[in-house]
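To keep things clear, I will list the structure first and then write my remarks on it.
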Amino acid sequence: MRYVLWAVLILAAPVLAALSVWYQKAYIDNAKPKLMDALKTHKKMYALITLLYLGMTGFLLATQDSKQLHTDLLIQNLLLWEGLVCLAVTDMRVKKIPNTVTLLLLIVRCAFMAYGVLVKQDDLMNTLAASLIGLLFGGGFILICMLLSRGGIGAGDLKIFAVIGLYFGLLGVMQIMIYALFFSAIWAIGLLISKKAKMKSTLPMAPFILAGLTVYYILLTNLELMV
């Protein structure tokens, strides 16, 4: 049964990558392209996203036992990471965060929370409390940063951190936030030193959030700490 799951998740990676590429073209061009046309137009993007999806899928499958990662949590982690890859690509290309993808990630988390309570008999109040605290902190802290930066941070970044808080709770979203801000600061300093950006320049934040989430997955020894 376990190997069947592995096969399904590995085969799902190129399919989800294809949907990501299609969504990129549909969102940016504001049209409804055919799937094969989108893949032909963005062959390199499709290849890159497929490799990324396969890489993270392989990593989580290989470390599933050491991270004490149950199947439902494994799938949650993969879907969240894959959704952030899609958001990161869009943010890099047009500096926008699609609400549709963020909403889908929110629905995924809510569905798995319901599964945990109804099937796994998780404690409802503890699950809700931990997730809502993470959501409020993730969204609230970025809201303060938005107000202080006066446009340097967008509403899309706020939504991403709020959703991440719903997945990982307070401590998880704090760690990912620290990693993301660290990477973005290093990148910004590099651009300033090389004179490729000015103090008032803005950076797409989603790629750094993705990097922060990736480091979180790698460093955390027990992803079942996710509530």
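The values are calculated or read from the model by the stated rules, or taken from the named source; none is laboratory data. Everything numeric here is computed off the predicted structure, so don't read it as measured data. No Cβ is skipped: glycine too gets one built from the backbone with ideal geometry, and neighbour counts run over all protein chains shown. Remember, those area values only see protein heavy atoms, side chains included, never the ligands or the DNA or RNA. Shrake-Rupley method; radii C 1.70, N 1.55, O 1.52, S 1.80 Å.
Can you say whether Leu171 is assigned to a helix (DSSP H, G or I), within 19 Å of the chain's Cα centre (by Cα), within 25 Å of Leu16 (Cβ to Cβ) and hydrophobic (A, V, I, L, M, F, W, C), as far as the supplied structure shows? Criteria not met by Leu171. Residue selection: Ile144 fails the criterion of being open to solvent by less than 70 Å² (accessible area, probe 1.4 Å) and farther than 25 Å from Asp72 by Cα.
Just checking, does the stretch 115-133 include any residue being among the charged types (D, E, K, R), closer than 16 Å to Ile97 by Cβ, open to solvent by 50 Å² or more (accessible area, probe 1.4 Å) and touching a residue at least 40 places away in the same chain (Cβ under 8 Å)? No, the stretch 115-133 has no match at all. Residue under question is Met92, and the condition is that it be hydrophobic (A, V, I, L, M, F, W, C), closer than 24 Å to Phe208 by Cβ, in contact (Cβ under 8 Å) with a residue 12 or more places away in the chain and touching a Leu at 6+ places or on another chain (Cβ under 8 Å); does it hold? Spelling it out, it is not the case that Met92 is hydrophobic (A, V, I, L, M, F, W, C), closer than 24 Å to Phe208 by Cβ, in contact (Cβ under 8 Å) with a residue 12 or more places away in the chain and touching a Leu at 6+ places or on another chain (Cβ under 8 Å). Test of understanding: among Leu143, Leu148, Leu158, which residue is closer than 18 Å to Leu210 by Cα and either free of Cβ contacts under 8 Å to residues at least 40 places away in the same chain or more than 16 Å from the chain's Cα centre (by Cα) (or both)? The unique qualifying residue is Leu158. Within the stretch 97-140, being among the charged types (D, E, K, R) and within 16 Å of the chain's Cα centre (by Cα) holds for one residue alone: Arg109. Looking across the stretch 13-40 at every residue that is touching a residue at least 40 places away in the same chain (Cβ under 8 Å) and more than 18 Å from Arg93 (Cα to Cα), the one that is least open to solvent (accessible area, probe 1.4 Å) is identified as Ala13.
For the stretch 41-58, filtering for residues that are in contact (Cβ under 8 Å) with a residue 40 or more places away in the chain and farther than 17 Å from Tyr3 by Cβ leaves 4.
Checking each residue in the stretch 189-206 for being open to solvent by less than 30 Å² (accessible area, probe 1.4 Å) and in a helix (DSSP H, G or I) picks out only Ala206.
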